[in-house]
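I am attaching a structure below and will ask some questions about it afterwards.
The values are calculated or read from the model by the stated rules, or taken from the named source; none is laboratory data. Since the structure is predicted, the reported quantities are computational estimates derived from the model, not experimental observations. Please note: Cβ atoms are built from the backbone with ideal geometry, for glycine as well, and neighbour counts cover all protein chains shown. To get the accessible areas, we keep the full protein, side chains included, count just its heavy atoms, and leave off ligands, DNA and RNA. Shrake-Rupley method; radii C 1.70, N 1.55, O 1.52, S 1.80 Å.
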Amino acid sequence: MDRSIDRLKADIFARNAGEPEFHQAVAEVLDTLGPVLDRHPEYFELAVIRRLSEPERQIIFRVPWVDDNGHVQINRGYRVEFSSALGPYKGGLRFHPSVNLGIVKFLGFEQIFKNSLTGMPIGGGKGGADFDPRGRSEREIMAFCQSFMSELFRHIGEHTDVPAGDIGVGGREIGYMFGQYKRLTNRFEAGVLTGKGMTWGGSLVRPEATGYGTVLFAQEMLGAAGDDLEGKRVAVSGSGNVAIYAIEKAQSLGAKVVTASDSSGAIHDPDGINLEVLKQLKLVDRGRISEYVDRVGGRSEFLAEPGAIWRVPVDIALPCATQNELDGEAAAVLIENGVRVVAEGANMPCTKAAAERFRAEDGVLFGPAKAANAGGVATSALEMQQNAQRDSWSFEHTETRLTEIMRDIHTRCQETAGEYGKPDDYVLGANIAGFSRVVDAMLAQGVV
């Protein structure tokens with residue numbers, strides 16, 4: 001079976017050359033499927049894995065727009081509609097210079113299993129553009145979003161494909177895109193995008209959901225081991241929505257979060273991150289993380305060296321910035337310093353070497369992104385549900401639903417891993433549980 005998987009991986013990599021992130025995501029899943037394929041060899045005969053690794057649709061388009069100097073700019077837009085076996089394609093849009101087809105495919109492939117694990121009727125997709133909103137004026141961002149949606153609107157809909165936000169795409173960008181969609185279609189189709197403003201179809205808890213969910217998953221892992229977050233020291237990377245609300249939730253549960261970061265470096269505050277200052281700095285002023293030290297003072301310090309954030313001794317690590325930010329060397333340092341739980345808040349933030357180190361270490365619990373950061377898309381699905389009902393739920397009710405979903409994901413991962421004799425291997429459990437639900441739907445629907 002291992003040789004069959006290796007041959008399959010080689011074929012997929014050859015068909016998708018020059019896409020290392022996609023290769024990494026595919027390998028991470030396929031390398032854990034041996035036990036389930038031993039039980040169900042028909043999956044190979046029916047080529048279901050090969051079909052699952054090939055997107056149903058890949059859309060690439062030109063995005064022309066005019067900047068404030070009157071110059072025409074050209075960007076490239078993407079939407080990869082990977083799997084609709086469980087429901088309409090669902091997944092965010094990322095605006096960042098690093099975006100290319102391979103990045104979008106890796107994110108979309110991960111999204112299939114993440115969405116499956118939520119237990120909700122949503123398929124997997126992802127999209128974005130190589131546009132950088134940093135340093136752009138409000139008018140330029142609006143112009144880009146309108147041009148982007150002028151092509152994307154042909155491919156989406158509340159029963160077809162429902163994008164949301166991701167890196168570089170927040171409530172502002174969703175608003176501009178929704179306005180253009182409404183203008184082009186002459187429909188107030190609230191369920192076509194999630195992450196909307198509260199006054200026009202958005203959901204409470206959506207901005208907080210990914211960060212909250214990551215911490216809730218870490219809490220469940222600790223609970224299964226007879227422990228909790230109270231008094232734990234936590235390292236969080238990033239300083240966007242995911243990181244900030246992970247810090248907020250961890251602090252509310254009694255943990256002390258001592259780090260945050262952005263692309264310029266990181267901060268270490270041994271007294272605990274001042275969340276009010278961090279929110280003002282990053283969500284309102286849109287400043288650099290180094291300014292935190294000037295505003296807070298005390299024992300806080302700026303760490304400019306790449307990876308320095310992971311050398312801070314902590315009990316729990318929550319990488320919440322971007323893919324492959326935590327490598328094998330950093331994982332070894334965290335383990336040496338006594339880390340007990342690692343939960344991925346970003347999409348695939350641990351390299352293959354880092355993930356393998358964490359999984360191999362006795363006493364370290366590792367929560368992969370497809371499980372640990374599923375709170376964002378789960379709450380997006382709750383927003384879709386509210387839109388369909390023409391309803392709006394309270395913060396408390398929505399957070400309760402999020403908590404239930406994250407608890408169910410943890411249970412599903414642990415029980416599935418336990419069926420294969422490894423109850424603490426959350427990677428194995430997440431991959432097999434997510435895979436099985438999608439594959440069962442694919443087999444029921446025929447060769448399509």
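Considering only C-alpha atoms, what is the centroid distance from segment 1-63 to segment 98-120, in Å?
When both Cα centres are located, 13 Å separates them.
Same structure, new question: How much solvent-accessible surface does LYS232 expose, in Å² to the nearest 10, with a 1.4 Å probe and all protein chains in place?
Per-residue accessible area (LYS232): approximately 30 Å².
Among DSSP beta bridges lying fully in the chain, give the percent that are antiparallel, nearest 5.
For the chain, the DSSP antiparallel bridge percentage is about 55.
Additional query: Which whole-number percent is the relative contact order of the chain (Cα, under 8 Å, 6+ apart)?
In percent, rounded to a whole number, it is 15.
Follow-up. Around THR398, with a cut-off of 12 angstrom between Cβ atoms, what is the net charge of the other residues, counting Lys and Arg +1 and Asp and Glu -1?
-4
Another question about this same structure. Looking at the square roots a ≥ b ≥ c of the eigenvalues of the Cα gyration tensor of the chain, which shape do they give, rounded for a/c under 1.5, prolate if a/b is larger than b/c, or oblate?
rounded
Which entries of LYS126/LYS279; LYS9/LYS105; LYS182/LYS370; LYS114/LYS352; LYS249/LYS282 show an alpha-carbon separation above 21 angstrom in the structure shown?
LYS126/LYS279; LYS182/LYS370
Counting only protein chains, not ligands or nucleic acids, how are ASP161, ASP424 ordered by accessible area (probe 1.4 Å), most first?
ASP424, ASP161
Residue by residue through segment 294-307, what is 3J(HN,Hα) from phi via Karplus (6.51 cos²θ - 1.76 cosθ + 1.60, θ = phi - 60°)? Round to whole Hz and write x for glycine and proline.
Using θ = phi - 60°, the values come out as 5, 7, 9, x, x, 8, 5, 9, 9, 10, 7, 6, x, x Hz.
Using the Cα centre as the reference, give the magnitude of the dipole from point charges on the C-beta atoms of the chain (Lys, Arg: +1; Asp, Glu: -1; all else neutral), rounded to the nearest 20 debye.
1220 debye
With a 1.4 Å probe and all protein chains in place, put SER300, SER252 in order of accessible area, largest first.
Order by accessible area, largest first: SER252, SER300.
How much FRET efficiency would the formula 1/(1 + (r/R0)^6) give for ARG51 and ALA27, where r is the Cβ-Cβ distance and R0 is 25 Å, rounded to 0.05?
0.90
Which whole-number percent gives the relative contact order of segment 153-302, counting Cα pairs below 8 Å spaced six or more residues apart?
Relative CO of segment 153-302 lands at 15 percent.
For ASN115, what charge total do you get from the other residues with a beta carbon under 10 Å from its beta carbon, if Lys and Arg give +1 and Asp and Glu give -1?
Net charge in that neighbourhood comes out at +3.
With every protein chain present, what is the per residue accessible area of the chain (1.4 Å probe, Å²)?
Here the residues of the chain average 39 Å² of exposed surface.
Separate question: Percent antiparallel among DSSP beta bridges with both residues in segment 208-361, to the nearest 5?
Taking every DSSP beta bridge within segment 208-361, about 45 percent pair in antiparallel fashion.
Output wanted: per-residue J couplings in Hz (rounded whole) for segment 362-379, from phi through Karplus 6.51 cos²θ - 1.76 cosθ + 1.60, θ = phi - 60°, x for Gly and Pro.
5, x, 10, 9, 10, x, x, 4, 4, 9, 6, 10, 6, x, x, 6, 4, 6
In debye, nearest 20: dipole of segment 208-361 around its Cα centre with unit charges on the Cβ of K, R (+) and D, E (-)?
Charge dipole, segment 208-361, about its Cα centre: 100 debye, nearest 20.
Which order do PHE82, PHE395 take when ranked by solvent-accessible area (1.4 Å probe, heavy atoms of all protein chains), largest first?
Ranking PHE82, PHE395 by accessible area, largest first, yields PHE395, PHE82.
With all protein chains present, calculate the accessible area of TYR245 using a 1.4 Å probe and round the result to the nearest 10 Å².
That residue has around 30 Å² of solvent-accessible surface.
How high is the relative contact order of segment 64-159, given as a whole-number percent (alpha carbon pairs under 8 Å, six or more residues apart)?
Relative contact order of segment 64-159: 36 percent.
Just to check I understand the Karplus step: with θ = phi - 60° and J = 6.51 cos²θ - 1.76 cosθ + 1.60, what whole-Hz values come out for segment 325-335, glycine and proline as x?
3J(HN,Hα) across segment 325-335, in whole Hz: 7, 10, 9, x, 5, 5, 4, 4, 5, 4, 5.
Which value, in Å³ per residue, describes the convex hull spanned by the Cα atoms of segment 208-361?
Dividing the Cα hull volume of segment 208-361 by its residue count gives 95 Å³.
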